[in-house]
């Protein structure tokens with residue numbers, strides 16, 4: 001589907017349908033015909049009048065509760081009506097009094113519009129595509145004239161962040177049959193070329209030579225060869241710091257010999273959501289003039305059962321030289337991440353953030369809308385939580401108590417890849433990752449819950465969400 005053109009103006013276009021955002025109030029009721037019972041509730045719509053013209057009123061909710069999430073929801077609600085109205089305008093006359101807050105609000109609103117139009121329809125026949133009353137390819141935001149400059153700047157940034165999120169969603173939604181580690185590396189190479197990034201790709205021979213034992217151990221059961229990818233961005237001037245992103249990229253996860261139940265396997269093409277978010281975020285750094293030096297590492301492989309697959313009880317030697325006893329081959333993400341984290345540390349990263357659809361335990365703890373965050377640096381974790389909040393991506397901090405390290409003690413190796421049954425699964429997984437970062441400041445984002453949406457809702461279409469992409473972009477660029 002084509003990415004939407006989004007424009008800003010301070011006058012209502014006369015040639016296209018007009019939607020008017022209306023806060024919940026008694027006044028809102030008078031703008032619509034009484035038979036519609038319009039109150040201005042968030043996302044509610046009704047025909048009405050505005051400045052002596054017929055319009056469609058769209059509820060913005062309670063003005064006292066209007067925040068960035070509400071702005072995104074408003075934009076997405078408008079976007080979902082474009083298939084019925086065609087190219088349309090959305091009038092915003094009230095948001096926040098401070099210009100900086102207006103910029104954030106317009107950015108969120110624009111992201112809502114652009115993300116709300118996303119669909120993955122590359123594999124649909126024409127007959128099965130959702131029926132549209134009218135074709136559309138653009139939308140217009142109408143704002144007060146004093147907001148024009150701030151709104152235009154905000155929309156420009158929204159185009160970048162939303163397009164990156166589209167990229168992550170496309171990668172996640174593509175079936176594993178075609179989105180193999182090799183294919184992902186090809187996409188990353190194209191992104192590097194288009195975004196002025198350097199790239200290095202380790203193939204299976206490189207992985208053997210470079211002792212990527214965690215990655216190779218997970219890949220052992222698949223005929224698809226693994227890939228390790230490093231994208232590198234350098235700012236124009238002296239970098240403020242050297243940072244690293246690390247993404248889990250299991251392009252399909254059957255569980256290996258510790259085979260998943262059939263129902264649990266249906267959505268496992270999405271187990272590379274962390275790598276997709278890293279690639280998408282890296283694609284924006286040149287355009288948004290990131291002031292840091294950034295390396296993005298993506299560990300790509302399938303996790304399948306076969307006669308050559310790693311067996312429960314096997315021990316893998318990771319790049320760092322540390323050994324991991326594999327007691328459950330379905331706890332594979334932490335194995336591939338161990339090598340990627342080691343590479344990031346060796347390359348001199350001052351701070352590392354990893355993203356991974358790592359544990360079902362985190363979903364049990366936090367549900368499908370909130371990611372877990374763990375790490376060894378309070379300031380870094382606080383930054384990510386704050387930036388995620390601005391971008392509508394929620395995180396909740398979980399502890400990493402030293403006393404829990406006993407959960408991953410092995411009888412025969414340095415550690416084992418699973419903790420105690422039914423106890424602190426997300427924490428024990430993060431404690432294993434911590435073994436590979438040394439003293440480097442590090443945060444781990446367990447995005448297993450919010451990486452996929454089970455329904456069309458707000459800015460999400462059913463399928464991959466690209467969760468974490470916009471958090472990383474804001475953290476790296478502070479746009």
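Rounded to two decimals, what is the ratio between the C-alpha radius of gyration of the chain and 2.2 N^0.38 Å?
1.02
I need the Debye-formula profile for the range 277-422: one equal scatterer per C-alpha, no solvent, reported as log10 I(q)/I(0) at q = 0.09, 0.13, 0.20, 0.21 1/Å, two decimals.
So the normalised log intensities are -0.34, -0.73, -1.57, -1.64.
Which order, highest average first, do 129-137, 399-407, 156-164 follow once you tally other Cβ atoms within 10 Å for each residue and take the mean per peptide?
My ranking of the peptides, most packed first, is 156-164, 399-407, 129-137.
Could you tell me the extents of the range 1-156's C-alpha atoms along the three principal axes, largest first, rounded to whole Å?
That gives 46, 39, 29 Å along the principal axes, largest extent first.
Could you give the angle, 0 to 90 degrees to the nearest 10, between helix 148-173's Cα long axis and the longest principal axis of the Cα atoms of the chain?
So the helix axis and the longest Cα principal axis differ by about 40 degrees.
Could you state the angle between the C-alpha long axis of helix 181-194 and the longest principal axis of the C-alpha atoms of the chain, as a value from 0 to 90 degrees rounded to the nearest 10?
50
For the range 224-334, what Kirkwood radius comes out of the mean inverse Cα-Cα distance, in Å?
15.7
The range 213-257 to the range 383-435: how many Å between their Cα centroids?
If we compute the Cα centre of each part, the gap is 19 Å.
Let me have the 222 nm mean residue ellipticity of the chain computed from DSSP H runs of 4+ only, each contributing -39500 (n - 2.57), with the sum over all residues rounded to the nearest 500.
Numbers: 15 runs with 160 residues, N = 479.
It comes out at -10000 deg cm²/dmol, rounded to the nearest 500.
Using only Cα atoms and rounding to the nearest 10 degrees, what angle (0 to 90) does helix 68-79 make with the longest principal axis of the chain?
70
How big is the C-alpha Rg of the range 120-185 next to the rule-of-thumb value 2.2 N^0.38 Å, as a ratio?
Normalised Rg, Cα atoms only: 1.61.
Please report, in cubic angstrom per residue, the volume enclosed by the convex hull of the alpha-carbon atoms of the range 113-236.
So the per-residue hull volume is 162 Å³.
Using square roots of five times the C-alpha gyration tensor eigenvalues, list the equivalent-ellipsoid semi-axes of the range 388-479 in whole Å, biggest first.
Semi-axes from the Cα gyration tensor: 30, 18, 10 Å.
Where a number appears in this text, it was derived from the coordinates with a stated rule and is not lab data. Here the structure is a predicted model, which means the values were calculated and not measured. Glycine also receives a Cβ, built like all others from the backbone with ideal geometry; neighbour counts cover every protein chain displayed.
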